[in-house]
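Scroll down for the structure; my scribbles are underneath it.
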Amino acid sequence: PDDRRIVSVGDDRQVRIWDARSREPVRRFSGLGTELQSVAVSHDGRRLATGGRDGGIRVWSMAGGPPLTELRGQRGRIYDVGFGPRNSLVVSAGDDGTVRTWDAGNALAWTVPGFVRSIDFARDGTAISALTQEGSARIYDASDGSLLRRLTGPPGYINGSLSPSGDQFVVGYDETRQIRVWPWRGGADTTIELPGFNGINAVRFDPSGERVVFADLGNTIVVRTLATGAEVRLGGAPPKFGVYDMSFSADGKRLAAVGEHSAVLVWHVDRPQRPERELKGYRGHANALAYGRDGRIVTGHADNTVRVWPTHGRSPVVMRGHSNEVTTVMVSDDGTRVLSTSMDGTLRLWDPSGVALAVLENSPTALWYIVG
C-alpha cells in the first residue's frame, strides 16, 4: 500500500520482500508447506498472507517472526488470497471450487535480536520490555513492535521488570553485581552497587514502584526503598534456596519466592526474620511465581505443572497439560484467568479451578501477544 515494497512467492516455498525503488531484496524467509502460489498484503502494510499447494493459508507479520496464524479447511491447493477491509479478515480461493473468508485474529509478531531471556508488559498496555543474553534491555511499542528505547549493559545473565506505572525499568546484572533503575521515557538511570552479593538472579518492583526486591542464587533476598536506600533483608530461607522468581502481594505487605528448594516461602515484609508461610507438596524446583490480587499464589514447576495455592490452608489446585518445564505464570487482575508458558513452546490459558481454556502455539524466536 505504501508503494515502497513488493512481496513475491514461488515454487521454492520462499517469501521475498523487495525494495520497489532500489529493486534490492529486503528480507527472505521460508513460507513453510509446499510450493506457494499466491500472496497478499494487508491494507495497513503490516501483514501478508500466503497460500499454496498444501491448502494452507498462513498470515505473517511484515516485521518478521513465525506465522501469526495458519488457516486450514480449504480442500486442495490455494490459487489466490486477499485481505478484507479489516486486517484480520482473509479471503481465499481454491481448486475445491470454493471461496472462503477467515477471521485471522489480531496477533502481532516481530523479531528481537539475540536470545530473549524475559519479557514484561506495561500495565497500561502501551509498551513491552525484552531482556537479551548480550545484556541489553529494549522497550517496544506494543501497538506495532517498533523499538522505543534501548539500554546497553554488560553481557551475561540479566533479569528485570517494568514498574507498575510502566515509566521505570529495573535491571539486575549477574556478572557485575549491579542493579540499574532506568526511567526509560526520559532521565538518567541510577546504578546500585552490591559488593559481596552473589550475583543477581531476580529483581522486581513492588506494587507502588517505590521499592525493589532482588535476590541471588543463594538465600539472600533484599527489599530496598529507592528514595532512601534503606534495605530489609528477609531471613530464614534454607542455605541453598536459590531464588528463581519473586512477587509482592497486591498491598505490598508480603513477598513470595520460589527456587531450587521444594517449597514456596512467604514473608511479611515488616516481620522479615523468617517466612510466615511455607507451602509444600511438590518435588524439584519451581521456575515462576505470581501473586494474585485476591492473595492466591500461582507457581510454575519443573514437573510441568502449574499450581494455584489458596490464601489459607488446603491443598493447591494442580494444572496439568504442559509437556515440559513451566517457565512463566501470570494472573489476570480480576483473578479469573491464569496464563502459563513452558519449554514445550506453548502458552496455556486456565481457569483457576484447573480447567484448560486455550492453548497457543509459540516460537522461541518471536515475541508476540494476542489482542482482545
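The values are calculated or read from the model by the stated rules, or taken from the named source; none is laboratory data. It should be emphasised that the depicted structure is a prediction, and the values quoted were computed from it without experimental measurement. Every residue, glycine as well, gets a Cβ built from its backbone with ideal geometry; the counts of neighbours run over all protein chains shown. In case anyone asks, the SASA skips ligands and DNA or RNA and just uses the protein heavy atoms, side chains included. Shrake-Rupley method; radii C 1.70, N 1.55, O 1.52, S 1.80 Å.
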Express the accessible area of the stretch 188-276 per residue in Å², computed with a 1.4 Å probe while the remaining protein chains stay in the model. 43 Å²
When the dipole is taken about the Cα centre of the chain, and only Lys, Arg (+1) and Asp, Glu (-1) are charged at their Cβ, what size is it in debye, to the nearest 20? 280 debye
What are the ³J(HN,Hα) values, in whole Hz, obtained from phi via the Karplus relation 6.51 cos²θ - 1.76 cosθ + 1.60 with θ = phi - 60°, for each residue of the stretch 341-351 in sequence order, with x given for Gly and Pro? 10, 8, 5, 7, x, 10, 10, 10, 9, 10, 7
Given bins 10 angstrom wide, list per bin the percent of all Cα-Cα distances in the stretch 17-108, short to long. 18, 51, 28, 4
Run the Debye formula on the Cα coordinates of the stretch 226-288, all scatterers equal and no solvent, and tell me log10 I(q)/I(0) at q = 0.12, 0.15, 0.25 1/Å. -0.30, -0.46, -1.12
Loop GluC sites (Glu not before Pro), the stretch 272-326, which have at most 13 other Cβ atoms in a 10 Å radius of their Cβ (DSSP): Glu276
For the stretch 240-350, size of Cβ-based charge dipole, Lys and Arg +1, Asp and Glu -1, in debye: 320 debye
Within the P(r) computed for the stretch 247-342, what percentage of the Cα pairs occupies the region above 23 Å? 17 percent
Among Ser249, Phe214, Asn198 - extreme Cα towards positive end, dipole of the stretch 179-284, charges at beta-carbon: Ser249
Given 20 °C and 1.002 mPa s, how large is the Stokes-Einstein diffusion coefficient of the stretch 145-197 in µm²/s, with Rh as the Kirkwood radius over Cα pairs? 181 µm²/s
Check each of the chymotrypsin sites (Phe, Trp or Tyr not before Pro) in the stretch 102-157 and keep only those in coil by DSSP with at most 13 other C-beta atoms within 10 angstrom; list them in order. Phe115
At most 14 other Cβ atoms within 10 Å plus a DSSP loop assignment makes a site exposed; report the longest stretch of the chain without any exposed trypsin sites (Lys or Arg not before Pro). 124-184
Options Val39, Ala107, Val90, ranked by Cα towards positive dipole end of the chain, top entry (Cβ charges): Ala107
Mean separation of Cα pairs under 8 Å and 6+ residues apart, divided by the residue count of the chain: what relative contact order is that in percent? 7 percent
What do you get when you divide the Cα radius of gyration of the stretch 190-303 by 2.2 N^0.38 Å, with N the number of residues? 1.00
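Under 8 Å for C-alpha pairs, at least 6 residues apart: give me the relative contact order for the stretch 236-363, rounded to a whole percent.
15 percent
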Given unit charges at Cβ for Lys, Arg (+) and Asp, Glu (-), the dipole magnitude of the stretch 1-80 about its Cα centre in debye, nearest 20, is 100 debye
What do you get when you divide the Cα radius of gyration of the chain by 2.2 N^0.38 Å, with N the number of residues? 1.11
Summarise the accessible area of the stretch 168-223 (1.4 Å probe, protein heavy atoms) by the percent that is carbon and sulfur. 42 percent
